[in-house]
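A.B. asks: I am attaching a structure below and will ask some questions about it afterwards.
What follows is calculated from the coordinates using simple rules that are stated; it is not laboratory data. Treat the numbers as computed from the prediction; the structure is a model and nothing was measured. In this analysis, Cβ positions are derived from the backbone assuming ideal geometry, glycine residues included, and neighbour counts consider all displayed protein chains.
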Amino acid sequence: MKMKIRKGDRVRVMRGDEDNKDKVGEVIRVLPKENRVVVQGVNMVKKHQKQTQSGGKTIPAGIREFEAPIHASNVTVLDREAEKEAKGARKVSKAKADSTKKPAAKKPAEKKAETKTAARKPAEKTTESKAKPAESKKKAAKGN
């Protein structure tokens with residue numbers, strides 16, 4: 001089955017260790033064959049590593065700390081702007097549904113206002129550019 005989570009998505013951990021629950025992070029790596037994802041700052045594990053040498057490079061001994069993969073079913077994709085679940089997997093009560101619909105109606109109105117102001121700005125610039133050559137001709141006529 002195709003994974004719906006991609007590298008770079010912001011996700012919230014829904015299940016797992018108490019330390020990791022409700023953490024939000026970015027997907028670093030996706031392992032589709034294993035149906036797992038690696039999330040930044042989540043499921044941190046420590047690994048004791050021996051010193052090794054391969055190809056002329058020496059890897060020092062020590063304790064490495066890195067993110068281990070977690071199952072993709074334990075995370076949910078978030079909407080970047082609102083930090084809410086993008087899919088709406090959970091059912092929302094009617095009271096919450098009404099409150100979430102009202103702000104959504106305001107957003108398109110804000111976008112329309114932004115586009116109108118953006119459309120007016122170039123028109124003002126063109127009138128200013130037309131006025132300047134006329135003024136410079138007047139100044140040139142007075143100077144002669």
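A.B. asks: Go through region 37-77 and give me each residue that's charged (D, E, K, R) and touching a residue at least 40 places away in the same chain (Cβ under 8 Å). Give the derivation first.
C.D. replies: Of all residues in region 37-77, those charged (D, E, K, R) come to 46-47, 50, 57, 64-65, 67.
Selection gives nothing.
A.B. asks: Mind checking which residues of region 1-19 are assigned to a loop (DSSP other than H, G, I, E, B) and touching a residue at least 40 places away in the same chain (Cβ under 8 Å)?
C.D. replies: Matches in region 1-19: Met3, Lys4, Ile5, Asp9, Met14, Arg15, Gly16.
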